[in-house]
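Reviewing the structure listed below.
Just so you know, all these numbers are worked out from the coordinates, no wet-lab data involved. The structure displayed is predicted, hence computed values, not measured ones. Don't worry about glycine lacking a Cβ; one is built from the backbone with ideal geometry, like all the others, and counts go over all protein chains shown.
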């Protein structure tokens, strides 16, 4: 099974998990690099809230050499990042197994899960599941925050799930 892990990471949470996952499954990493650094949290949140796309540096939407595509994105104000929006609106996932990993400061968000699944299915993907992971708390608000070690363990756990026979949902 050839696995591609596509991710966007502003603060490092998603990158930490993506690296652990790629190591665990022997997958290929592909980082989505937003031309806008998204350093202003308010404007980044507004772009996500209004589901704006991003202009990506050197975008590569070719997933033809892979059986499974893992799409990892932070969740900002209940929505995927602009970089993930661009990728999911452009990539051809026909015939691909797709696992979506959403990292956020809150727990599972069914509306976000549904939206991400719909976006992947609209591009032809067979969605194996959507995992919501508690990421680093980068907003400065009080609240729990995952550690880099916890994120790495979650990435390793996701790799274990992908290596299991696919007779059940991940």
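Only DSSP H runs of four or more residues enter the estimate; each adds -39500 (n - 2.57), and after division by the residues of the chain the mean residue ellipticity at 222 nm equals -11000 deg cm²/dmol.
Computed over the chain with a Gaussian network model linking Cα atoms closer than 10 Å, the most mobile of 18, 83, 146 is 146. GNM remark for the chain: springs join alpha carbons under 10 Å apart, and the peak mean-square fluctuation among 116, 49, 151 falls on 49. Comparing 117, 149, 108, which has the greatest mean-square fluctuation in the GNM of the chain with Cα pairs linked when under 10 Å apart? With Cα springs under 10 Å in the chain, the top fluctuation among 117, 149, 108 is at 149. Of 133, 100, the sequence from fewest to most neighbouring Cβ atoms within 10 angstrom is 133, 100.
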